[in-house]
Each structure stands twice: as C-alpha cells, then as structure tokens.
Amino acid sequence: MILYACSTNPGKLREFTLAAQQSGITGLELLPLPNIKEVTPPEETGATFQENAAIKALYYSGFTDELVFAEDSGLEVDALGGEPGVFSARYSGTDVTDEANNQLLLENLRHKLNRHGRFVCVIGVAKGGKLLTTVSGAVEGEILRAPQGSNGFGYDPLFFYPPLNQCFGELTTEAKFEVSHRGKAVRALFDWLKRSAPR
Ligand code: IMP
C-alpha cells in the first residue's frame with residue numbers, strides 16, 4: 001500500500017519514515033508526495049491544528065489517486081494563552097528560521113514563571129478529495145530558558161521533557177518519536193490503517 005506524506009519538512013519526513021519501518025505493516029510504502037516541492041502549498045487558514053490538517057490533506061489528495069496524509073503541529077504555551085499554536089512555524093514572521101522563532105518565544109516568556117506547554121500534532125488522511133479521518137497526539141513539557149542540544153528541529157532545543165529528564169533537542173530521532181506528539185499521532189494513523197484503510 002502506498003501512503004504519501006504531504007510535507008517538505010525534512011525533520012518530519014525523517015520521523016515518518018522511521019515510524020513506517022517500525023510499524024510492522026507489511027507492504028506499506030510511506031513516501032513523500034511526488035513533486036511536492038513544485039506544488040504551491042495551501043494557505044493554512046484554519047484556527048485549529050485539526051482544521052489545518054484537514055485543509056492540507058484534502059488539498060494534496062487532489063494531486064494523486066493514492067492515500068495521502070498531512071499533519072499540522074505546533075507548540076502551545078500556557079502562559080501565552082496557547083501561543084504560538086497554529087502560528088508555530090511563522091511565529092516571528094513568514095520565511096523565518098527556527099532560531100528566530102525560538103528567540104521570540106524566549107523573549108515572550110522572559111518574565112513568566114509558568115513555562116508549561118505541549119506539542120500537538122493532528123494528522124488528516126484523505127483520498128480522492130475526501131477526508132477519511134483525523135488522528136492526534138500531544139506531549140507535555142516545560143520551556144527552557146536557553147536552547148539545549150542540537151538534535152531535532154523547530155522548538156526541540158527549548159522543550160524539556162521531565163519523564164526523561166532531557167530536552168527534545170538532546171534526544172535521538174528514535175527516542176523522541178517514542179514519546180512525541182507526532183509519534184503518538186502516527187501510531188494512531190497506523191492503527192487506523194490496520195483497521196480501516198481503503199484497499
Ligand atoms: P507546520 O509545518 O505548519 O505544521 O508547523 C509546525 C511548526 O511547529 C514547526 O515549524 C515547528 O516550529 C513546530 N513544531 C511542530 N512539531 C515540532 C517538533 O516535533 N519539534 C519542534 N518543533 C515542532
């Protein structure tokens with residue numbers, strides 16, 4: 001079975017590929033949507049991760065007859081009223097670096113004692129212009145006062161995960177995927193595939 005991942009983010013694609021290999025689903029070929037880099041991405045106009053995941057999955061399913069999935073994910077910080085939320089990738093502007101977003105987050109949290117937040121990931125699955133399902137995952141953590149570690153991407157160097165006493169920027173891809181929002185959502189996707197994927 002072919003399953004196209006609709007993302008150009010190399011960090012996310014690394015995690016998806018690893019998960020597919022570990023899923024134990026025989027014959028599953030998880031690949032990036034062909035030519036996705038040449039496709040203009042849809043506008044992420046949703047107010048929630050759920051809405052954006054559905055927008056993306058439906059949009060990209062128009063470019064192939066195969067099953068596709070798209071995810072929307074980000075960081076919610078309690079002391080910032082859930083920001084950056086759906087604006088996680090463009091927190092400090094459009095076409096910005098992870099470092100710029102991290103700097104702004106640190107700045108906005110400078111005087112905050114409560115540094116609790118969570119990563120959330122919602123995956124939409126679609127085929128032939130129809131949304132088939134959405135699944136999600138979340139992981140709770142604390143925002144550090146300075147970056148730590150050089151693994152992962154995005155806000156990973158600022159996201160401390162108490163159960164492992166380490167920050168996501170210090171974890172290997174495998175260790176992060178065991179506990180992450182995306183790992184949870186992708187495992188839910190594979191459970192759905194095993195139960196009810198169209199053949
Ligand atoms: P999206 O590509 O529109 O879903 O935006 C997701 C953004 O949320 C990324 O660019 C990162 O800034 C942030 N993000 C989502 N998942 C992770 C993660 O696993 N680690 C670090 N940052 C993440």
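Here are the numbers:
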read-out	value
Neighbours by Cβ (under 6 Å, 6+ apart or cross-chain): first from the stretch 108-135, within 15 Å of GLU66 (Cα to Cα); second among the hydroxyl-bearing types (Ser, Thr, Tyr) and not in a strand (DSSP E or B)	ALA126/SER61; LYS127/SER61; GLY129/SER61
Of the criteria (1) assigned to a strand (DSSP E or B); (2) buried (at least 20 other Cβ atoms within 10 Å of the Cβ), which one PHE16 fails	(1)
Inter-residue pairs, beta-carbon under 8 Å, first within 15 Å of the ligand (Cβ to nearest atom) and in the stretch 48-67, second aromatic (Phe, Trp, Tyr), 6+ apart	ALA57/PHE69; TYR60/TYR4
Residue that is surrounded by the most Cβ atoms within 10 Å (Cβ to Cβ), among those in the stretch 19-36 that are within 16 Å of the ligand (Cβ to nearest atom) and under 18 Å from ASP65 (Cα atoms)	LEU33
Index of the failed condition, THR26 passing every other in (1) touching a Phe, Trp or Tyr at 6+ places or on another chain (Cβ under 8 Å); (2) without any contact (Cβ under 8 Å) to a residue 12 or more places away in the chain; (3) not small (Gly, Ala, Ser)	(1)
Whichever residue in the stretch 46-85 is acidic (Asp, Glu) and surrounded by fewer than 17 Cβ atoms within 10 Å (Cβ to Cβ) and, among such residues, is farthest from ILE123 (Cα to Cα)	ASP78
Looking only at the stretch 158-180, and only at residues there that are in a helix (DSSP H, G or I) and under 15 Å from HIS116 (Cα atoms), the one that is nearest to the ligand (Cβ to nearest atom)	PHE168
Within the stretch 48-100, tally of residues that are out of contact with any helix residue (DSSP H, G or I) (no Cβ under 8 Å at 6 or more places or on another chain) and acidic (Asp, Glu)	7
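Taken together, the values in this text are just the output of simple stated rules run on the coordinates, not laboratory data. If you're wondering where the values come from, they're calculated on a predicted model, not measured in any experiment. When we count neighbours, we look across all protein chains shown, and the Cβ atoms used for this are built from the backbone with ideal geometry, even at glycine.
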